[in-house]
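Derivation of every value follows stated rules applied to the coordinates shown; laboratory data play no part. Please read all numbers here as calculations on a predicted model, not as lab measurements. Every residue, glycine as well, gets a Cβ built from its backbone with ideal geometry; the counts of neighbours run over all protein chains shown.
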Amino acid sequence: MGGGAALERLVYVDGRFYPKDEAKVSVFDHGFLYGDGVFEGIRAYGGRIFRLGEHLRRLYDSAKAIMLEIPIDAGAMQEIVLESCRRNGIRDGYIRLVVSRGQGDLGLDPRKCPRATVVCIAGTIALYPEELYTQGMRVMTVATRRNGVEHLNPRIKSLNYLNNILAKVEANQAGYAEVLMLNDQGLVVECTADNIFIVKGRRLMTPPLWLGILDGITRAAVMELAAGAGLDVREDVFTRLDVWTADECFLTGTASELVPVVECDGRRIGAGRPGPITADLIGRYRALYAGEGVEI
Ligand code: PMP
């Protein structure tokens, strides 16, 4: 870099870009008061946005599920994401798109919020330390159960992340970077911010959407890649025991990509180091995002 000042971060809020410290929303915004809103976490790689169409679709679907009317269409939203990257000089980064219910009164009623608030923050994200990718991650199961589909369906990527945060608090107390969550039947669903896969032989398994998980964009990409690699890809229910006795296990997420898991609840998974199928899929995922995306 030359001697010039570092680029000041600009954040989009409702039609304008503001310097980071001036980017604000009202204390009467129901996103703040009640966690009433939806969001997306999106990655840029090499000057292109990975799976932007899928992220926008999920954002609008989440909004529809909570009857939140987004005041702009997906084309305009895409332009906001791209412009946020351009203005911040982002070619490799992480973009947070937030649509909240907007300003209302102190009651819950969303009808009191005439217009949704749209925020776009383009920045970077600290991934897990590199050694977790090379050595593999340890996870444990937490007591906090994942929301059920009839309570707050985890397919809605809402601003209400307290269920995940309660699990994260348990993770922090126990000294784990990520933890496994079960549903109220004790079936494996997902982690606080990642989907989960297990490998047994040439079979790759991940919990089905109906069980109550986020329809992860990385999860979908990995399922395509695995099918292309000739693996037998299945969405099926499984228990902690299946994780303990798997040959391999890994987590997927936009921020974390693919993270090998080598221990769960004190049980070593497979050989206790990242396995060959996980390593192969990591390579395929990197090649995938290097070769596609919406140009910034
Ligand atoms: N599950 C949860 C609860 C998450 O918050 C995330 C991160 N968005 C994921 C799974 C992974 O989804 P994606 O691959 O779309 O980032």
What is segment 1-152 by shape, rounded, prolate or oblate, if you read a ≥ b ≥ c off the alpha carbon gyration tensor as root eigenvalues and call it rounded for a/c under 1.5, prolate for a/b larger than b/c, and oblate otherwise? oblate
Amide H neighbours of Tyr94 under 5 Å, at least 5 residues apart or on other chains, H built in the peptide plane: list them. Ala44, Gly123, Thr124, Ile125
Folded to 0 to 90 degrees: helix 276-291 orientation relative to the chain principal axis, Cα: 30 degrees
Taking the Cα centre of segment 131-290 as origin and charging only Cβ (+1 Lys, Arg; -1 Asp, Glu), how large is the dipole, in debye to the nearest 20? 100 debye
Karplus (6.51, -1.76, 1.60) ³J(HN,Hα), θ = phi - 60°, over segment 255-272, in Hz, Gly and Pro reported as x: 6, 8, 6, 10, 10, x, 10, 10, 8, 9, 6, x, 8, 6, 9, x, 7, x
Arg9 long-range amide H proximity, modeled H, under 5 Å: Lys20
As a check on your grasp of the helix formula, calculate [θ] at 222 nm for the chain: sum -39500 (n - 2.57) over DSSP H runs of n ≥ 4, divide by the residue count, round to the nearest 500. -9000 deg cm²/dmol
Non-local residues with an amide H under 5 Å from the amide H of Gly102, with H modelled 1.01 Å from N and Pro and chain starts lacking one, are His30, Gly31, Thr117
What ranking of His55, His151, His30 emerges when the number of other C-beta atoms within 10 Å of each C-beta is taken as an exposure proxy, fewest first? His151, His55, His30
Which distance in Å, rounded to a whole number, links the C-alpha centroids of segment 167-186 and segment 56-112? 28 Å
Considering only the other residues whose Cβ falls under 12 Å of the Cβ of Asp21, what net charge follows from Lys and Arg at +1 and Asp and Glu at -1? +1
Dipole in debye (nearest 20) - segment 58-213, about Cα centre, beta carbon charges: Lys, Arg +1; Asp, Glu -1: 200 debye
Once phi is turned into θ = phi - 60°, what whole-Hz ³J(HN,Hα) does the Karplus curve with 6.51, -1.76 and 1.60 give for every residue of segment 41-58, x standing for Gly and Pro? x, 10, 10, 10, 10, x, x, 9, 8, 7, 6, 4, x, 5, 5, 5, 4, 5
Helix 74-87 vs. the chain, principal-axis angle (Cα, 0 to 90°, nearest 10): 90 degrees
Scalar couplings 3J(HN,Hα) for segment 241-250 by Karplus 6.51 cos²θ - 1.76 cosθ + 1.60 (θ = phi - 60°), nearest whole Hz, x for Gly and Pro, are 4, 5, 6, 4, 9, 5, 6, 8, 8, 8
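I'd like the antiparallel share, as a percent to the nearest 5, of DSSP beta bridges with both residues in segment 131-290.
If we restrict to bridges inside segment 131-290, about 70 percent are antiparallel.
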